[in-house]
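Computed from the coordinates by the stated procedures, all read-outs in this text should not be read as laboratory data. In this text the structure is predicted, and so the values were computed from the model without any measurement. Cβ: placed from backbone, ideal geometry, glycine included. Neighbour counts: every protein chain shown.
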Amino acid sequence: LEQGLAQGRRETVLALLQEKMPLDLIARVTKLSAEKIQDIGKLNGIL
């Protein structure tokens, strides 16, 4: 279950980054740190 939630959160982060949403807004929505969001974006070629 936790793995599925993490995957869904990662997909949400990627979708929001692709829509050019601000990092602070993504952090509030997903409850992830800005650093983690940047890591996800960089690993997927978005940032």
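For segment 15-35, a residue qualifies if it is exposed (fewer than 15 other Cβ atoms within 10 Å of the Cβ), of a type outside the set (G, A, S) and part of a helix (DSSP H, G or I), and the qualifying residues are Q18, D24, L25, R28, V29, E35. Looking only at segment 18-46, count how many residues are free of Cβ contacts under 8 Å to residues at least 24 places away in the same chain, within 17 Å of G8 (Cβ to Cβ) and of a type in the set (G, A, S). Residues flagged as free of Cβ contacts under 8 Å to residues at least 24 places away in the same chain, within 17 Å of G8 (Cβ to Cβ) and of a type in the set (G, A, S) within segment 18-46 amount to 1.
For L47, the criteria (1) assigned to a helix (DSSP H, G or I); (2) surrounded by 11 or more Cβ atoms within 10 Å (Cβ to Cβ) hold in every case but one, which is (1).
Of the candidates G8, G41, the single residue that is exposed (fewer than 12 other Cβ atoms within 10 Å of the Cβ), in a helix (DSSP H, G or I), within 10 Å of the chain's Cα centre (by Cα) and small (G, A, S) is G8. When L1 is tested against (1) out of contact with any Gly (no Cβ under 7 Å at 6 or more places or on another chain); (2) surrounded by 12 or more Cβ atoms within 10 Å (Cβ to Cβ); (3) aliphatic (A, V, I, L, M), exactly one condition is not met: (2).
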